[in-house]
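*Asks:* Take this structure first; my questions come after.
The numbers here are math on the coordinates, done by the rules we state, and not lab data. Given the structure is predicted, the values throughout are model-derived calculations rather than measurements. Don't worry about glycine lacking a Cβ; one is built from the backbone with ideal geometry, like all the others, and counts go over all protein chains shown.
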Amino acid sequence: EDYFRTANSLVGQRYLVTAGPTYESLDPVRFIGNHSSGKMGIAIANEVAKRGGKVELVLGPSSIEVKHPNITVHHVNSAVDMYEAATSLYDDCQVGIMAAAVSDYRPKDVSDQKIKKADDSITLELTKNPDIAESLGAKKRSDQKLIGFAMETENLLKNAKKKLTKKNFDLIVLNSLKTEGAGFKHDTNVVTFIGQNKTREFELKQKTEIAKDLVDEIISL
Ligand code: CTP
Ligand code: CA
């Protein structure tokens, strides 16, 4: 498909995409992480790139290879690193897409040495990470758009709408974890797009197809 100079062309546009998990170090050999593969965010980056847009992809630890010439990959590990990269790149972008599964907390202290086994139980103290999406939402200009994702297990629509407002998103993509074959690790997902005043529900489909639907929706915004 050649999108160059078609109605769906993104030539001249720059997108910021966050993707993948974050790893929060405990000591030199251990971390707290999550099961995000980075697939959804990378599919979005590839779709934007295919349509001629430039992508700044801020990517947490992921085993997926990214190689489109329009995509610049900024590799990060922790939420704090992702925050620093994303906040400095957003100013030069027209659209931000927050597809990363960012750890909400990190260990309060990181040990220089490997933590030794001793007591029968230990307690980890965690401290809150910066909210990347919320901070970009707060400084979003009128010529910029911001898209978020929401992972909910209860009161799905209500909770997703709260996040849409709180983080100043133009659109939020609600992930369903309930359906077989959807979500983490899978190539497929079930999503609902929630905007300020309309909602679109989709069937189970490939993440690459969801990426196309999402980019079409952003263009229509
Ligand atoms: N997000 C972010 N930085 C964080 C946490 C979340 O940028 N520190 C972004 C995610 O990438 C996603 C959106 O915010 O686009 C919502 O993430 P989610 O984890 O669903 O929401 P939280 O606000 O963290 O609330 P909770 O986990 O308590 O539901
Ligand atoms: Ca969270």
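*Asks:* What pairs in K158/K212; K145/K198; K50/K212; K140/K163; K158/K207; K145/K212 have C-alpha atoms more than 19 Å from each other?
*Replies:* Pairs exceeding the cut-off: K158/K212; K158/K207.
*Asks:* Angle check, please: helix 207-220 long axis (alpha carbons) against the longest principal axis of the chain (alpha carbons), in degrees 0 to 90, nearest 10.
*Replies:* On a 0 to 90 degree scale, this one is about 60.
*Asks:* Same structure, new question: For a label point 7 Å from the Cα of D187 along Cα→C-beta, name the residues of the range 20-53 whose backbone N is under 15 Å from it.
*Replies:* Counting backbone N atoms under 15 Å from the label point, the list is 39-40, 43.
*Asks:* Along each of the three principal axes of the Cα atoms of the chain, give the extent in whole Å, ordering the values from largest to smallest.
*Replies:* Largest first, the chain extends 64, 37, 32 Å along its Cα principal axes.
*Asks:* With N residues in the range 1-81, what two-decimal value do you get for its Cα radius of gyration over 2.2 N^0.38 Å? Spell out each step's value before the answer.
*Replies:* Working: Rg = 14.7 Å, N = 81, 2.2 N^0.38 = 11.7 Å.
So the Cα radius of gyration is 1.26 times the expected 2.2 N^0.38 Å.
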